[in-house]
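Beneath this line is the structure, given in structure tokens, with notes to follow.
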């Protein structure tokens, strides 16, 4: 007989993210079972069924969220479906981990967070890169005060995607935003984590290719934000799909720098086990190693020596979700973090349209 402590999870949306990130993460968690799969595309659903052996499947999320044998769901579907699926799941008392961006706009994201709070269920936004060991250590150092007073935050995400199709991510009514939501949302979350909330911003978005892979593209290929934070710090954030020659994924530039009154830190996603830092008035930046206790989330059963460390850190996200359910504590990052990022995204779109600074 199954343990009474087993947490049964359903995955809604069975594409690459679910198979590459969520399933391996859940597999590492003791007493967790994936019991149901859902995808609106029957062929995608069948491939996932064959890969996992899960027998309960449906192309309708409504069939899954109402099941008594499902305790929690993971939403990895196109952005426009996040809010309706999450709200339906919350209404049925399910804990929810949802991919980013959390919704198409801040209003919907706040509705999701408020509903989850009223229902008393765990809620989590999949800001996966918070779980990179170097980012976890950087957040610890900043919280400890090593940075001093924050002066500047800057991030730069440059990839070379050319003109290939990115599927539903190039359709505004399905994705909501292009590069802004796809890549810059993670870096907005970094800014909130390391510096705090923004006070005002001015932004620009640009689309270079109205067609991608022979299909219409009505979303941004490039975005930049200039921001003031509530604590007085400044921010510069840029992201592009069209940085020719920059490659993709961890091979491309994913750079975060934060300057403070005591020292500076540089984080690069591809360098998971190191940071660069330099003190005020010093000779320049030096490389420091990440202490082993930061190589994984506390309590995670993952062995950091197993697998590709540029991939396996993502599995700690599942552990955080499951552990929060078990211990009835808030998830980090939560729906509130996802909503705060969408508030910035909404303001960036409004600024680009009006050519003005927007107060947050």
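The values are calculated or read from the model by the stated rules, or taken from the named source; none is laboratory data. Quick caveat: nothing in here was measured; it's all calculated off a predicted structure. Here the Cβ positions follow ideal geometry from the backbone for every residue, glycine too, while neighbour counts run over all protein chains shown.
Could you check the stretch 217-237 and list, in sequence order, the residues that are surrounded by fewer than 21 Cβ atoms within 10 Å (Cβ to Cβ) and touching a helix residue (DSSP H, G or I) at 6+ places or on another chain (Cβ under 8 Å)?
Those that are surrounded by fewer than 21 Cβ atoms within 10 Å (Cβ to Cβ) and touching a helix residue (DSSP H, G or I) at 6+ places or on another chain (Cβ under 8 Å): 218, 222.
Read through the list (1) assigned to a helix (DSSP H, G or I); (2) surrounded by fewer than 22 Cβ atoms within 10 Å (Cβ to Cβ); (3) in contact with a helix residue (DSSP H, G or I) (Cβ under 6 Å, 6 or more places away or on another chain), then give the number of the only condition that residue 25 fails.
(2)
Residues that are touching a residue at least 60 places away in the same chain (Cβ under 8 Å) and in contact with a helix residue (DSSP H, G or I) (Cβ under 9 Å, 6 or more places away or on another chain), at least 1 per element: which strands (runs of 3 or more DSSP E) completely within the stretch 253-360 meet that?
Numbers: elements: 253-260, 263-268, 274-279, 286-289.
The qualifying strands (runs of 3 or more DSSP E) are 253-260, 263-268, 274-279.
Give me the strands (runs of 3 or more DSSP E) completely within the stretch 49-122, filtered to those with at least 2 residues that are surrounded by 23 or more Cβ atoms within 10 Å (Cβ to Cβ), ordered by residue number. Walk me through how you get there before you give the answer.
Values: elements: 56-58, 72-75, 95-99.
Of the strands (runs of 3 or more DSSP E) lying wholly inside the stretch 49-122, those with at least 2 residues that are surrounded by 23 or more Cβ atoms within 10 Å (Cβ to Cβ) span 72-75, 95-99.
Any chance the stretch 136-146 includes a residue that's buried (at least 23 other Cβ atoms within 10 Å of the Cβ), in a helix (DSSP H, G or I) and not assigned by TED's automatic domain parsing to the domain that holds residue 192? Full working, then the answer.
Of the stretch 136-146, the ones buried (at least 23 other Cβ atoms within 10 Å of the Cβ) are 138.
If we keep only those that are in a helix (DSSP H, G or I) as well, we get 138.
Retained after the next criterion (residues that are not assigned by TED's automatic domain parsing to the domain that holds residue 192): none.
The answer is no, given that none of the residues of the stretch 136-146 is buried (at least 23 other Cβ atoms within 10 Å of the Cβ), in a helix (DSSP H, G or I) and not assigned by TED's automatic domain parsing to the domain that holds residue 192.
Which of (1) touching a strand residue (DSSP E or B) at 6+ places or on another chain (Cβ under 6 Å); (2) assigned to a loop (DSSP other than H, G, I, E, B) is the odd one out, the single condition residue 157 does not satisfy?
(2)
Report yes if some residue within the stretch 59-76 is more than 18 Å from residue 321 (Cβ to Cβ) and in contact (Cβ under 8 Å) with a residue 60 or more places away in the chain; otherwise report no.
yes
Looking only at the stretch 160-189, which residues are out of contact with any helix residue (DSSP H, G or I) (no Cβ under 7 Å at 6 or more places or on another chain) and in a helix (DSSP H, G or I)?
Of everything in the stretch 160-189, those that are out of contact with any helix residue (DSSP H, G or I) (no Cβ under 7 Å at 6 or more places or on another chain) and in a helix (DSSP H, G or I) turn out to be 167, 170, 172, 179, 183, 184, 187.
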